[in-house]
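The values are calculated or read from the model by the stated rules, or taken from the named source; none is laboratory data. A quick note: this is a predicted structure, and the numbers were derived from the prediction, not measured. FYI the Cβ positions are ideal-geometry reconstructions off the backbone, even for glycines, and counts take in every protein chain you see.
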Amino acid sequence: MALILTFLVPGVVGLWLVTGGRALTTGAARAVALVAAVVGAAAAVVAVVSRPAVDRAWIPDLGVRWHFEVDGISAPLIILTAVIGVLVVAHAWVEQPWAGPTQTGSAATYLGALLLVETGALATFAARDAILFFIAFEIVLVPMWLLISRYGDRHNPAARADASARFILYTAVGSTLMLVGILVLVTQAGTADLDALPAAAARLTLHQQTLIAALLTIGLAVKVPVFPLHTWLPAAHTTAPTAGSVLLAAVLLKLGTYGLVRLPMMTVPDGFARIAPVLAVAGVIGILWGGLICLVERDLKRLIAFSSVAHMGFVVLGLASGTTTGLQAALIGNIAHGVIAALLFVVVGGLKHRWGSVDLTVVRPALREVSPRLGFAMILGLAAGLGLPGLAGFWGEFVALLGAWNPAHHTGILRTGVVIAAVGAVLAAGYSLRVARLVWVGDAVADDAPHRAADARGAELAVISTLVLAVVIIGVAPQVVFSVTADAAALVGGAR
């Protein structure tokens with residue numbers, strides 16, 4: 001029951017809020033959504049600790065089963081998603097994107113969409129049937145589109161419409177390719193059970209495995225996103241409300257990397273190994289491309305979005321190495337990026353709410369002087385993002401480079417990628433220090449009352465403090481993640 005309640009409670013409550021709860025007052029809607037998110041998170045903790053399995057026939061004629069299970073690969077992502085679900089609902093006490101003369105949505109619809117995104121992600125991470133995986137994967141798209149299109153930047157309806165259309169177009173095309181790959185895989189292997197697929201798919205020819213791996217990888221690369229399929233992400237992040245940006249960075253992007261592990265890497269490892277060099281090259285280009293853009297980007301929220309492209313490049317590089325070390329790096333890098341990006345988007349969203357914009361060309365007072373709590377959180381997030389030892393971002397990047405330096409295949413290409421990726425890490429330090437200089441150090445005007453912005457307090461401070469704590473704990477004690485993922489990573493087909 002714990003596993004089912006993990007996504008059943010937020011799913012049912014979210015659906016009710018969207019369809020039948022719109023008459024609720026704002027206070028009632030927020031209370032109901034928060035209770036659902038907390039209950040779901042508590043159930044997720046129980047499910048991760050007890051590791052239950054649910055396996056029932058769903059569509060017998062098609063061989064599709066209602067099969068959910070938690071293992072070392074999915075457990076950290078389930079906890080991350082459940083905690084982020086609570087935080088984004090709690091953030092509704094800080095930012096109210098449904099309020100305003102140009103907005104047409106209600107608080108209940110907004111909160112319901114947040115819960116539905118969480119539900120789809122949790123079900124995806126727990127699904128152990130390929131068809132069920134795809135269905136859960138798709139559940140996320142519509143509520144996320146709703147958050148961007150209806151609750152995005154109220155000052156720029158045109159940008160909101162463009163970002164939401166680009167999001168749904170890219171993800172729909174990616175999902176179509178992934179579906180074709182899943183159908184070919186299931187048809188050829190004769191089963192949709194993700195536990196049985198590796199053995200069943202082993203009899204496929206190398207050509208068949210390569211075709212399936214290519215379809216699945218390209219489809220999932222859109223969601224990661226991998227260069228050059230990343231262009232939907234900056235627009236979506238820039239336009240989305242703060243909670244939407246947090247879900248995009250901490251949850252939705254992880255669906256892509258988790259799918260790469262669970263589908264092509266585990267089911268058709270030989271085919272995945274053949275295309276791994278292309279994936280590694282794309283990831284490394286993304287690291288450089290994202291870093292170079294961040295050096296000149298004016299909009300702070302858009303800058304954090306492009307930094308996500310760079311950081312996910314390290315995750316992709318780790319996966320492409322074909323080693324257990326690289327896979328471990330990708331798994332902890334997923335979690336680290338989730339909490340770091342969530343922290344930065346909460347801080348930047350708070351600054352945008354206070355300032356009206358986050359244009360870096362506008363001279364502002366030093367954040368360390370006028371809003372020291374927000375300033376501390378921003379500096380910590382930037383330091384973690386550039387890979388400072390002792391913070392969460394270090395382990396994913398360093399271990400990914402280590403795994404790719406001694407890859408299972410294509411040593412020359414992967415080692416070249418490591419050298420280039422190291423340059424990208426230097427770029428991360430450059431743009432992080434640029435932001436710190438412009439925002440944290442700021443202007444000399446610190447005590448002038450008209451320039452002073454309210455500091456974080458209440459629900460906003462609680463959300464930021466939780467994320468700060470997670471960044472520090474993962475950085476100081478990475479074993480909290482490594483110990484959970486180690487055994488499962490060692491068993492993944494194709495990793496050695």
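The single condition from (1) more than 19 Å from Gly393 (Cα to Cα); (2) touching a residue at least 24 places away in the same chain (Cβ under 8 Å); (3) of a type outside the set (Ser, Thr, Tyr) that Ile335 fails is (1). Every condition in (1) outside any helix (DSSP H, G or I); (2) touching a Leu at 6+ places or on another chain (Cβ under 8 Å) is met by Leu388 except one, and the failing one is (2). Please go through region 399-419 and pick out each residue that is crowded, with 17+ Cβ neighbours inside 10 Å and assigned to a helix (DSSP H, G or I). Residues satisfying the conditions are Val399, Ala400, Leu401, Leu402, Gly403, Ala404, Trp405, Ile413, Leu414, Gly417, Val418. Scan region 238-251 and give yes if some residue there is surrounded by 24 or more Cβ atoms within 10 Å (Cβ to Cβ), part of a loop (DSSP other than H, G, I, E, B) and not aliphatic (A, V, I, L, M), otherwise no. Checked against the condition, which is being surrounded by 24 or more Cβ atoms within 10 Å (Cβ to Cβ), part of a loop (DSSP other than H, G, I, E, B) and not aliphatic (A, V, I, L, M), region 238-251 yields at least one hit.
Residues in region 427-444 that are over 23 Å from the mean Cα position of the chain (by Cα) and either hydrophobic (A, V, I, L, M, F, W, C) or in a helix (DSSP H, G or I) (or both): Gly430, Leu433, Arg434, Ala436, Arg437, Leu438, Val439, Trp440, Val441, Ala444.
To keep it simple, each residue is scored yes or no on (1) within 26 Å of the chain's Cα centre (by Cα); (2) among the hydroxyl-bearing types (Ser, Thr, Tyr).
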| residue | (1), (2) |
| --- | --- |
| Thr171 | yes, yes |
| Thr176 | yes, yes |
| Leu183 | yes, no |
| Gln188 | no, no |
| Asp193 | yes, no |
| Ala199 | no, no |
| Gln208 | no, no |
| Ile212 | yes, no |
| Thr217 | yes, yes |
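Matching residues to (1) within 19 Å of the chain's Cα centre (by Cα); (2) among the hydroxyl-bearing types (Ser, Thr, Tyr); (3) crowded, with 24+ Cβ neighbours inside 10 Å:
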position: Val278; (1), (2), (3): no, no, no
position: Ile287; (1), (2), (3): yes, no, yes
position: Leu292; (1), (2), (3): no, no, no
position: Arg302; (1), (2), (3): yes, no, no
position: Gly318; (1), (2), (3): yes, no, yes
position: Val346; (1), (2), (3): yes, no, yes
position: Pro372; (1), (2), (3): no, no, no
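Restricting the search to helices (runs of 4 or more DSSP H) fully inside region 70-159 and requiring at least 1 residues that are more than 24 Å from Thr466 (Cα to Cα) and among the polar types (S, T, N, Q) gives 107-126, 141-151. Val48 meets each of the listed conditions (1) assigned to a helix (DSSP H, G or I); (2) within 18 Å of the chain's Cα centre (by Cα) apart from (2). The residues of region 295-324 that are farther than 27 Å from Pro269 by Cα and touching an Asp or Glu at 6+ places or on another chain (Cβ under 7 Å), listed by number, are Arg298, Asp299, Leu303, Phe306. One residue stands out among those in region 121-150 that are touching a residue at least 24 places away in the same chain (Cβ under 8 Å), of a type outside the set (A, V, I, L, M) and out of contact with any strand residue (DSSP E or B) (no Cβ under 6 Å at 6 or more places or on another chain): the one that is surrounded by the most Cβ atoms within 10 Å (Cβ to Cβ), which is Phe125.
Looking at the structure I just gave you, is Gly375 in a loop (DSSP other than H, G, I, E, B) and either basic (Lys, Arg) or touching a Phe, Trp or Tyr at 6+ places or on another chain (Cβ under 6 Å) (or both)? No: the conditions fail for Gly375. Apart from one condition, Ala383 fits all of (1) over 19 Å from Val468 (Cβ atoms); (2) free of Cβ contacts under 8 Å to residues at least 60 places away in the same chain; the exception is (1). Val445 satisfies every condition listed in (1) modelled with pLDDT under 80; (2) within 30 Å of Trp93 (Cβ to Cβ) except (2).
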